[in-house]
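Working notes for the structure below.
The values are calculated or read from the model by the stated rules, or taken from the named source; none is laboratory data. Predicted model only: the values in this text are computed from it and were never measured. Methodologically, a virtual Cβ is constructed for each residue, glycine included, from the backbone with ideal geometry; neighbour enumeration extends over all protein chains shown. Note: areas computed on protein heavy atoms with side chains; ligands, DNA, RNA excluded. Shrake-Rupley method; radii C 1.70, N 1.55, O 1.52, S 1.80 Å.
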Amino acid sequence: MSTVTPTDWHLRPAPRTAEDWIARAAAVAAVLATDAAARDRAGATPHAEVRLLKDSGLVTLLGPAEHGGGGQNWITAYHVVREIAKADGSIGQLLGYHYLWNWAARLVGTREQWEHIEAEAARNHWFFGGAVNPRDKDVVVTEDGDDLVFTGRKSFSTGSRVSDVTVLEGVLEGTDRHVFAVVPSGSEGLTFHDDWDNIGQRLTESGSVTLDGVRTPWSSAAGYVDREFRPRVYNTLNVPTIQLVFVNFYLGIAAGALETAATYTRTRARSWLHGGHDRAVDEPHVIDTYGDLTAKLWAVEALADAVAAEGQRLHDDPDAVTEQARGDFEVRVAAVKARATDVALEVTNRIFEVTGARSTTTAEGLDRFWRNVRTHTLHDPVAYKRREVGRWVLEGELPEPTWYS
C-alpha cells in the first residue's frame with residue numbers, strides 16, 4: 001500500500017450529504033491511484049486498502065446515521081463505487097460487494113434482524129464478504145437443536161480474507177428452502193483459500209471457501225420467524241441491485257482508463273513522424289478517438305444514473321414492490337449492464353491506439369484496466385441480458401427472478 005496514505009481522516013469534517021460522500025470517495029481514490037499499478041502487480045492481500053476504506057468511513061455509507069453510519073442510499077453508493085473503481089477496479093469491486101452484503105439483511109431479514117446487523121456494522125465498521133456462488137453445488141444446512149450448521153464449498157468468496165463478517169447461503173436439508181446468515185469471518189469451520197489467480201481483479205480476495213460445519217443460531221437465519229420464511233417480492237431485488245454494482249465499477253474502470261490515458265497522451269505520447277503534427281494531442285485521429293470514447297461513456301453513465309434512481313424508488317418502499325415493478329426494473333438493469341460491458345471493453349482496449357507502443361510497458365500498467373473489465377464482465381453472459389430486453393420489448397415478458405436475472 002502507498003506510503004502516502006493519509007491517517008488523518010478522523011480530523012476531517014465528517015461527510016453529511018451525498019456530494020460530501022462522493023468527494024470523500026474521490027479523495028480515497030486519489031490515494032489508491034498513486035500506486036495502483038504496482039499493487040496490481042504485487043497481488044498482495046489488500047488489508048491496507050480495506051483499512052483505508054474503513055478509516056475514511058466509506059464502509060459505513062449505507063449504515064444508519066444514529067449508529068455512526070452515513071445514512072445514504074443506493075444512488076450515492078453506486079457513485080462512490082464508481083469513484084473508487086476509477087483508481088482501482090479491484091477495490092471498487094470489494095466496496096460494491098461489501099455494500100451488497102451489508103444490505104442483504106434488509107433485503108431478506110426481518111426488521112429486528114436488519115436493524116441489529118446494520119447498527120452493529122456501522123458501529124464497528126464491519127467489512128462484509130459473501131460465500132454465495134449459485135454456479136456451485138448448494139451448501140447443505142442442517143439443524144442441530146437451536147443451531148444451523150453449514151457444510152459445503154464455494155468456488156468464489158469475494159472479500160474473504162479481508163472481511164470481518166461473511167454472508168453464508170445454503171439449502172435446508174431435505175427442503176428447497178434457502179437460508180442466509182451473517183457469521184464472523186473467523187468462525188470455526190470457515191476456511192478461505194488463497195487460490196484466486198486470475199488475469200484481472202487481482203486484489204478482490206475472490207478465492208474459494210470451505211464450510212466445514214459452520215454453526216450459527218437459528219435466530220440468525222434471515223427472514224425466518226419460528227423457523228418459517230416470510231417471503232416478499234422485495235427479496236428478489238438482489239440480482240438487479242448487484243448488477244448495478246457491476247455496472248458502476250465497470251464504468252469507473254473505463255473512466256479511470258480514459259483519464260489515465262489522456263494524461264499520458266498530453267504529457268508523454270509522441271506524434272506520428274509522418275502525421276505532420278508536432279504534438280500527439282493535435283493529431284485528428286487522437287482527438288476523434290477521445291471524443292468518441294468520452295461521448296459513449298457519458299451516455300452510459302447517464303443511463304446508469306437514471307436506472308439507479310428508478311431502483312431507489314423501489315428501495316424506498318419495499319413492501320410496495322410488485323412483480324411487475326421488479327421485472328420492469330430488471331429489464332432496465334439488463335440494458336445498462338449490456339451497454340456498460342460494451343463501452344468499458346471498448347474504452348479499455350482502444351486507449352492504446354492513442355497512447356502508443358511505449359505505453360504498453362509493465363510499469364505503466366495501462367493493461368490492468370482492460371484485464372479488470374474483461375475478467376469480471378464474464379460473470380454472466382451479456383447476451384442473456386440483451387435477451388431479457390428483447391423479450392420484454394417483443395412480448396412484454398418479465399424476467400423470471402433467478403440468481404442471474
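Data table
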quantity: Net lengthening on full extension, residue 173/residue 271 (0.36 nm per residue, minus Cα-Cα); calculated: 28.7 nm
quantity: Whole-number Å³ per residue for the convex hull built on Cα positions in region 241-310; calculated: 73
quantity: In Å², nearest 10: area of residue 374 left accessible to a 1.4 Å probe; calculated: 70
quantity: Using a Förster distance of 56 Å, the FRET efficiency for residue 20-residue 188 (Cβ separation, nearest 0.05); calculated: 0.85
quantity: Computed over region 111-239, Cα set: Rg, Dmax in Å; calculated: 14.6, 46
quantity: Compactness index (Cα Rg / 2.2 N^0.38 Å), region 3-141; calculated: 1.08
quantity: Contact order relative to length of region 30-105, as percent, for alpha carbon pairs under 8 angstrom and 6 or more apart; calculated: 26
quantity: Net dipole in debye of region 155-220 [+1 Lys, Arg Cβ; -1 Asp, Glu Cβ; about Cα centre; nearest 20]; calculated: 160
quantity: Degrees between helix 323-350 axis and first principal axis of the chain (Cα, 0 to 90, nearest 10); calculated: 30
quantity: Helix 367-376 axis, angle to the chain major axis (alpha carbon atoms, nearest 10°); calculated: 30
quantity: Cα-centred dipole magnitude for the chain, charges only on beta-carbon of K, R (+1) and D, E (-1), debye, nearest 20; calculated: 1100
quantity: Rounded to whole Å, sorted largest first: equivalent-ellipsoid semi-axes of region 1-62, Cα gyration tensor; calculated: 22, 11, 11
quantity: Degrees, to the nearest 10: 238-267 long Cα axis against longest axis of the chain; calculated: 20
quantity: Heavy-atom accessible area ranking, 1.4 Å probe, most first, across 351, 199; calculated: 199, 351
quantity: Inverse mean reciprocal Cα-Cα distance (Kirkwood Rh) of region 135-196, Å; calculated: 12.5
quantity: Size of electric dipole in region 95-220: Cβ of Lys, Arg +1 and of Asp, Glu -1, about Cα centre, debye, nearest 20; calculated: 420
quantity: Radius of gyration and maximum dimension Dmax of region 318-373, Cα, Å; calculated: 18.2, 56
quantity: Greater than 31 Å apart at Cα, pairs in 296/385; 54/137; 137/385; calculated: 54/137
quantity: Which of 367, 278, 88 is most accessible, then next, and so on - probe 1.4 Å; calculated: 278, 367, 88
quantity: Under 15 Å from the residue 219 label point (7 Å along Cα→beta-carbon), backbone N, region 170-210; calculated: 182
quantity: List 370, 196, 272, ordered by accessible area with a 1.4 Å probe, largest first; calculated: 272, 370, 196
quantity: Sites residue 394 and residue 312, calculated FRET efficiency, Cβ-Cβ separation with R0 25 Å, nearest 0.05; calculated: 0.30
quantity: Heavy atoms of residue 146: accessible area, 1.4 Å probe, square angstrom to 10; calculated: 110
quantity: Extension gain, residue 386 back to residue 229 (0.36 nm per residue minus Cα-Cα distance, nm); calculated: 53.2 nm
quantity: Largest-first principal axis extents of the Cα set of region 255-376 (Å); calculated: 64, 27, 18
quantity: Convex hull (Cα only) mean projected area of the chain, reported in nm² to one decimal; calculated: 20.7
quantity: Over the chain, relative contact order from alpha-carbon pairs under 8 Å, at least 6 apart, %; calculated: 16
